[in-house]
């Protein structure tokens, strides 16, 4: 298995990067949809139904598979010999940021359920502010992996 991971490493890394790009796109776009949802519709109206369908498809068809594949390919790289230096700080800062990104993903999924139940209490301004979180986490992840501090 370890030989396979070493041989397949460039492919695994490529698939990981593609998965991260798709996941990040969704993490940036879903809260933007929530902003418009809050500001442009009322529970039960036609626009509410359109926003709910868009949010559902983004989360279930793009974001969830992208998150899962990001984790699968990321863990495959972790288990590839010689890739991670566990005596350095960077694997732990990246891990903390990825876990935070995963928490954020699930927080967004919960907010989508609030819209479905007509129980959203988050304002457009609050969604805009929360939309900065994936950017901050992305900076931590990229710096961790590239600079390896």
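Normalised by the number of residues in region 2-147, what is the relative contact order in percent for Cα pairs under 8 Å and 6+ residues apart?
For region 2-147, the relative contact order is 38 percent.
For the Cα atoms of the chain, what angle does the longest principal axis make with the long axis of helix 133-147, in degrees from 0 to 90, nearest 10? Taking the Cα atoms of the chain, the angle to 133-147 is about 10 degrees.
Is it possible to state the helix-based mean residue ellipticity at 222 nm for the chain, with each DSSP H run of 4+ residues giving -39500 (n - 2.57), the sum divided by total residues, to the nearest 500 deg cm²/dmol? What is it?
Working: 6 runs with 115 residues, N = 149.
So the calculated ellipticity at 222 nm is -26500 deg cm²/dmol.
Write down Rg/Rh for region 14-136, rounded to two decimals, with Rg from the C-alpha atoms and Rh from the Kirkwood relation over Cα pairs.
Working: Rg = 16.5 Å, Rh = 15.6 Å.
Looking at region 14-136, the ratio lands at 1.06.
Calculate the length of the line joining the C-alpha centroid of region 25-79 to that of region 114-131, in whole Å. Each part reduced to its Cα centre gives a spacing of 13 Å.
If packing is taken as the average number of other Cβ atoms within 10 Å across a peptide's residues, how do 107-114, 82-89, 31-38 rank, most packed first? Mind showing how you got there, number by number?
On the way: 107-114: 15.4, 82-89: 10.4, 31-38: 19.6.
Descending mean neighbour count gives 31-38, 107-114, 82-89.
When each of the peptides 43-53, 17-27 is scored by how many other beta carbons lie within 10 Å of its residues on average, the order from highest to lowest is 17-27, 43-53.
Helix 90-116 and the long axis of the chain differ in direction by around 20°, with both axes built from C-alpha atoms.
Computed from the coordinates by the stated procedures, all read-outs in this text should not be read as laboratory data. Since the structure is predicted, the reported quantities are computational estimates derived from the model, not experimental observations. In this analysis, Cβ positions are derived from the backbone assuming ideal geometry, glycine residues included, and neighbour counts consider all displayed protein chains.
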